[in-house]
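Structure first, commentary second.
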Amino acid sequence: MARRKARCVRVGNLTLGGQEPIYIQSMTNTDTRDVAATVAQILELEAAGCEIVRCSVYDEACAKAIGSIKAAIHIPLVADIHFNAALAVAAVENGVDKLRINPGNIGSRVRVERVAHAARAHGVPIRIGVNSGSLSREMLERYGGPTAEALAQSALEEVAVLESVGFEDIVVAVKSTDVRQTVEANRILAAACDYPIHLGVTESGTVGYGSIKSAVGIGTLLMEGIGDTVRVSLSGSPVPEIPAAQQILQACGLRSFRPEIISCPTCGRCGIDVEAMAGEVARRVRHVTRPLKIAVMGCVVNGPGEAREADFGLAGGKEYGMVFSRGKPPRKVARDRLLEELIYELEQAGVIG
């Protein structure tokens, strides 16, 4: 797909927009005032692959903790601010890498201008984050509810306020709990401005259904070329948000984080235990970061074709099957040795030790 051309905005040591990678974000759910707990969770997120992290700043103690937290982590830190512009200013003064404010509750134009002046003085970008659950009363009345148009317009009006005071280091996000509404709001936003867009389906739910909702919403927009950074918002620990986001980006062909295991759903023709074999292959390559495709296929219908197109693969049969390794002729192998021979090929190629 042709990616939307967004201007570049610097966030810590990363750049959003342009042709930069689409970065993965998450948010802590610790008490930000508890520096040790917050740092521990961020380090866990980093280990999972998180590239930008946000924390709630809801009082002065949170704002003061920013410096200590930032000193102990390795990725850009974002302060999430609601209701209180003074806390946004305090977070900036304590060294945060980016602010997130919500136009539905941050307050008057004067307060927004105050935040913008502080951010500009410290070289800190601002993300305008609009959620369907926190639109201003004026927007709800104007559009008759939290519509896609209301979400986009709320963000665009806040953009205009920042622009009016000469502030343009802006990232924008419009999110709804409704997937269709999220998609439509982002389409409107993408057509109306060139700022980097942060994608997500807000309050999507628990890991199972929430990941599916997020994949549909975020994936649709990514396949249309929209989006410069993503967060999969899930209830509970934030750590599962990271592999979910990685899988979405990888499925869209935008980034590669680990080998892709291609396996068939099985049918009556299947001659091997595909589920067990695919699981064992996944276990063996779980620490591999090279972009590879490995196929585990159960029969002769689609198996040889899929395995041949992968970097490595096997195709099962009733008594014999085939093992494939890119650049080598396929080998006929007894059914009970298929997995062993595929692992051998992975070892010979240096994929696993």
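A few notes on this one:
- The one condition in (1) crowded, with 21+ Cβ neighbours inside 10 Å; (2) under 15 Å from the mean Cα position of the chain (by Cα); (3) of a type in the set (S, T, Y); (4) at pLDDT 95 or above that Y195 fails to fulfil: (2)
- Qualifying position, being more than 20 Å from H82 (Cβ to Cβ) and either over 24 Å from the mean Cα position of the chain (by Cα) or not in a loop (DSSP other than H, G, I, E, B) (or both), among L140, L151, L162, L189: L189
- Test for V92: is it without any contact (Cβ under 8 Å) to a residue 40 or more places away in the chain, touching a His at 6+ places or on another chain (Cβ under 8 Å), among the β-branched types (V, I, T) and more than 18 Å from L16 (Cα to Cα): yes
- Test: residue in the stretch 286-293 that is surrounded by 21 or more Cβ atoms within 10 Å (Cβ to Cβ) and in contact with a strand residue (DSSP E or B) (Cβ under 9 Å, 6 or more places away or on another chain): no
- Helices (runs of 4 or more DSSP H) fully within the stretch 273-353 counting 2 or more residues that are in contact with a Phe, Trp or Tyr (Cβ under 7 Å, 6 or more places away or on another chain) and either of a type in the set (F, W, Y) or at pLDDT below 95 (or both): 303-309
- When restricted to residues that are over 24 Å from the mean Cα position of the chain (by Cα), buried (at least 21 other Cβ atoms within 10 Å of the Cβ) and either more than 23 Å from D228 (Cα to Cα) or of a type in the set (V, I, T) (or both), the stretch 109-130 contains 2.
- Scanning the stretch 165-184 for residues that are assigned to a strand (DSSP E or B) and either surrounded by fewer than 18 Cβ atoms within 10 Å (Cβ to Cβ) or among the basic types (K, R) (or both) yields a single hit, K175.
- Considering the conditions (1) part of a helix (DSSP H, G or I); (2) modelled with pLDDT under 95; (3) surrounded by 17 or more Cβ atoms within 10 Å (Cβ to Cβ), P146 is excluded by exactly one of them, (1).
- When G133 is tested against the conditions (1) outside any helix (DSSP H, G or I); (2) open to solvent by 10 Å² or more (accessible area, probe 1.4 Å), the lone failure is (1).
- Within the stretch 17-50, tally of residues that are touching a residue at least 60 places away in the same chain (Cβ under 8 Å), more than 18 Å from H82 (Cα to Cα) and of a type outside the set (S, T, Y): 12
- Extreme residue, surrounded by the most Cβ atoms within 10 Å (Cβ to Cβ), among residues of the stretch 229-241 that are of a type in the set (A, V, I, L, M, F, W, C) and in contact with an Asp or Glu (Cβ under 9 Å, 6 or more places away or on another chain): V232
- If you check T266, T220 for being free of Cβ contacts under 8 Å to residues at least 60 places away in the same chain, surrounded by 15 or more Cβ atoms within 10 Å (Cβ to Cβ) and more than 14 Å from the chain's Cα centre (by Cα), only one passes: T266.
- Filter result for the condition that a residue is open to solvent by 60 Å² or more (accessible area, probe 1.4 Å) and within 30 Å of A47 (Cβ to Cβ), over E306, E340, E260: E260
- Total residues in the stretch 203-217, condition open to solvent by less than 40 Å² (accessible area, probe 1.4 Å), hydroxyl-bearing (S, T, Y) and under 20 Å from G133 (Cβ atoms): 2
- Test: residue in the stretch 205-218 that is at pLDDT below 95 and assigned to a loop (DSSP other than H, G, I, E, B): yes
The values are calculated or read from the model by the stated rules, or taken from the named source; none is laboratory data. Computed from a prediction, not measured in an experiment: that's the story for all the values here. Reconstructed Cβ throughout: ideal geometry from the backbone, glycine too, with neighbour counts over all protein chains shown. Just so you know, the surface numbers come from the protein's heavy atoms only, side chains and all, with ligands and any DNA or RNA stripped out. Shrake-Rupley method; radii C 1.70, N 1.55, O 1.52, S 1.80 Å.
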